[in-house]
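This report concerns only the one structure given below.
The values are calculated or read from the model by the stated rules, or taken from the named source; none is laboratory data. Quantities reported herein were computed from a predicted structural model and do not represent experimental measurements. With ideal geometry, Cβ positions are generated from the backbone for all residues, glycine too; neighbour counts draw on all protein chains shown. Ligands, DNA and RNA are stripped out before the accessible areas are found, and what is left, the full protein with its side chains, is counted by its heavy atoms. Shrake-Rupley method; radii C 1.70, N 1.55, O 1.52, S 1.80 Å.
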Amino acid sequence: MDDASSQFSFRYSDERKARVLTENPQKRHYETIHEDYGAHYYDDTSMAYRRRFLFGDLCRGLDFNDKRVADLACGSGHNSLILRELFPRVRLHGIDLSEKACAEYRALVGADATECDLLAGVPEEGTFDAAMIFGGLHHCISDLDAALTNCARLLKPGGVLLAVEPNEAYLLNRVRKLWYRHDRWFDMTTEAPLDLDDLARRAEGNLSLEYSRFLGGPAYFIILNSLILRIPVGVKRRLAAPLFAMEAVFNRLPGRWLFPAFVSRWRRL
């Protein structure tokens, strides 16, 4: 197990922790869809998409070898596996509001994981050199300020936060919100696309935006979000090569309104 676990503690009571983790509707929603989510978002083609279009960009110029990195909203730990491929000596620790996900993270990654709600948990400051959260912040809209503050508090001064989130400025955002409202794979009350500029304002004093890029073409929907479009995993394998080529071209287009998502890199102040 990663020795970061021995230095990880909470400033709020066990009673409050238990209450918040029980009452959070996002916890119940995620545990309901956990198996289907993993089958579509972490199959071979989705992992290939993450390596090429998410990690390749966010990790450029960084070295996480011998660094402690927190995987926030870690799920079963597949993003941690990619980070370990890139940096074999990285020291990982998973954090998720689902104990089921934490248990699977420990089994898959071989590192410790802590059950924690970013809306309520206030971990000790300065524990990690870096953290990553892929698609987790947009589930924290009920108190986004608290979530950002708690992400920052995990990090040492100068530590890095890597984030990937849906883009509110997307041209088809109204269609997406309608889909959120009627599709069982979403919980409209607890999740929504995010505005990058708004995030930067909310993070002032804790985190500084160092890098960002808007992305998301045909492969983003058909490969990475196949669960939402009900596309069988086997079909994705046959479509991956041409879709990845199209994605690389599409992502070179300027602006933000054409893109459903953004990647961002933040620095702890």
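Taken over the stretch 211-241, the residue count meeting the criterion of being without any contact (Cβ under 8 Å) to a residue 12 or more places away in the chain, of a type outside the set (A, V, I, L, M) and open to solvent by 70 Å² or more (accessible area, probe 1.4 Å) is 3. Contact annotation: residue pairs with Cβ atoms under 8 Å, 6 or more positions apart or on different chains, pairing a residue in the stretch 70-84 that is in contact (Cβ under 8 Å) with a residue 60 or more places away in the chain and in a loop (DSSP other than H, G, I, E, B) with a partner that is of a type in the set (D, E) and surrounded by 24 or more Cβ atoms within 10 Å (Cβ to Cβ), are A73/D96. Residue check: is S226 of a type in the set (S, T, Y) and modelled with pLDDT under 95? Yes: the conditions hold for S226.
The numbered conditions (1) modelled with pLDDT of 90 or more; (2) open to solvent by 70 Å² or more (accessible area, probe 1.4 Å) are all true for A152 except (2). The residue of the stretch 52-69 that is most open to solvent (accessible area, probe 1.4 Å), among those that are of a type in the set (D, E, K, R) and not in a loop (DSSP other than H, G, I, E, B), is R52.
Okay, residues lined up against (1) open to solvent by 20 Å² or more (accessible area, probe 1.4 Å); (2) modelled with pLDDT of 95 or more; (3) closer than 20 Å to L62 by Cβ:
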| residue | (1), (2), (3) |
| --- | --- |
| L119 | yes, no, no |
| V122 | yes, no, no |
| I133 | no, yes, yes |
| C140 | no, no, no |
| L148 | no, yes, no |
| G158 | yes, yes, yes |
| N167 | no, yes, no |
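Just to be sure before I move on: is G94 within 15 Å of the chain's Cα centre (by Cα) and either open to solvent by 10 Å² or more (accessible area, probe 1.4 Å) or at negative phi (or both) in the structure I sent? Spell out how you get there, then give the answer.
Details: within 15 Å of the chain's Cα centre (by Cα): yes; either open to solvent by 10 Å² or more (accessible area, probe 1.4 Å) or at negative phi (or both): yes.
Spelling it out, G94 is indeed within 15 Å of the chain's Cα centre (by Cα) and either open to solvent by 10 Å² or more (accessible area, probe 1.4 Å) or at negative phi (or both).
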